[in-house]
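Please read the structure below before turning to the comments.
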Amino acid sequence: MTGSLLIFIVLAAVSAGAIAYVFLFDRISSEKKAAKRLDTVKRAETDRSVVKASRDRVAEAARRRKSVQDSLKELDEREKARERNIKKPPLRIQLRQAGLAITLERFYVYSAVCGVVVTLVAFIAGAPLLVLPGALAAGAVGLPRWFVAFKRTRRVKAFLAEFPNALDVIVRAVKSGLPLNDGVRLIATESREPVRTEFRRIVEAQQLGISISEASLRMQETMPCPEASFFGIVIQIQQQAGGNLSEALANLSRVLRDRKKMKARVNALSMEAKASAAIIGALPFIVAFLVYLSSPNYIMPLFTTSTGHLILGISGLWMAMGIFVMKKMINIEV
């Protein structure tokens with residue numbers, strides 16, 4: 001009796017469970033499908049967020065790359081503009097770099113006077129009328145600008161000859177405990193020209209409130225040489241990052257002296273080529289003079305006929321081109 005009752009209870013429970021499963025099957029199935037759809041939606045959202053994050057990273061990298069490229073391009077343009085201003089500065093800056101204390105208007109007046117004088121000299125010497133406009137242009141434009149370039153080059157050479165000594169004085173002053181400003185003032189009063197003038201400009205700029213690093217960087221505007229730029233860069237780096245200033249300036253002085261020695265060595269090695277170029281350039285004039293001494297009637301048609309003038313003009317043009325090419329080949333930048 002007890003066994004039959006137990007079996008009946010088990011069968012009743014199983015039947016109730018089966019009936020409950022039949023009635024709840026659809027609900028369980030829909031819940032599973034909903035859970036699967038929810039999981040799919042979550043995965044899709046996760047994938048979309050990953051893709052979006054990846055796209056954002058790619059876009060950010062592209063923006064950064066473009067920003068860096070634009071910055072590099074801008075820096076390159078500024079550097080090219082600065083190099084153009086250094087190599088071919090305006091005439092007003094060239095006058096300052098040459099150490100000429102004249103205004104631009106007075107320079108134009110001097111140029112006009114020089115052109116008139118050269119034209120009168122050519123006319124009195126018996127030059128043809130066709131040559132007089134060229135003499136006027138050479139006297140008004142070529143000769144004054146050549147003089148400015150000559151003074152500018154000579155001033156730079158004098159600066160480079162004295163600049164390492166000035167740096168050594170500053171190094172000794174800094175090592176003895178004096179501040180950099182006192183060392184600069186010492187050079188501005190005791191050094192030789194043109195170093196004294198350039199350092200006096202730094203002192204005057206400091207009195208106007210400009211920092212010594214910025215004033216040193218401006219030295220290149222009036223002294224067009226890399227050595228002046230090196231000095232400004234060393235001072236700026238020391239002001240921003242700190243460090244041993246005396247050691248940095250001593251290294252700069254040693255580098256400048258080594259550059260000077262290298263330039264002297266290059267000039268010595270290229271002296272043979274310069275002598276050959278000078279001989280080749282002077283040879284036509286020497287031959288023409290010797291021919292004139294031996295047989296003047298043979299060479300005088302070059303100077304008395306229009307055909308001779310044409311030949312002389314063409315020959316002079318070709319000689320000028322050859323001398324210009326040889327000069328470019330011989331002058332080696334160090």
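The values are calculated or read from the model by the stated rules, or taken from the named source; none is laboratory data. Owing to the predicted nature of the structure, the values given are computational and were not obtained by experimental measurement. Positions of Cβ are generated from backbone atoms using ideal geometry, with glycine treated the same way; all protein chains shown enter the neighbour counts. Only protein heavy atoms, including side chains, enter the accessible area calculation; ligands, DNA and RNA are left aside. Shrake-Rupley method; radii C 1.70, N 1.55, O 1.52, S 1.80 Å.
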Kirkwood hydrodynamic radius (Cα pairs, Å) of region 273-324? 12.0 Å
Accessible surface, 1.4 Å probe, highest first, among residues M329, M300: M329, M300
How much solvent-accessible surface does F147 expose, in Å² to the nearest 10, with a 1.4 Å probe and all protein chains in place? 100 Å²
Summing +1 for each Lys or Arg and -1 for each Asp or Glu, what net charge is found among the other residues whose Cβ lies under 9 Å from the Cβ of T189? +2
For M223, net neighbour charge (Lys/Arg +1, Asp/Glu -1) across residues whose Cβ lies under 11 Å away: +2
Phi-derived 3J(HN,Hα) across region 155-169 with the Karplus relation (6.51, -1.76, 1.60, θ = phi - 60°), rounded Hz, x for Gly and Pro, is 5, 5, 5, 5, 5, 5, 6, 9, 4, x, 5, 5, 5, 5, 5
List, in the order given, every pair from K157/K274; K66/K328; K151/K175 whose Cα-Cα distance in the structure shown is over 30 Å. K66/K328; K151/K175
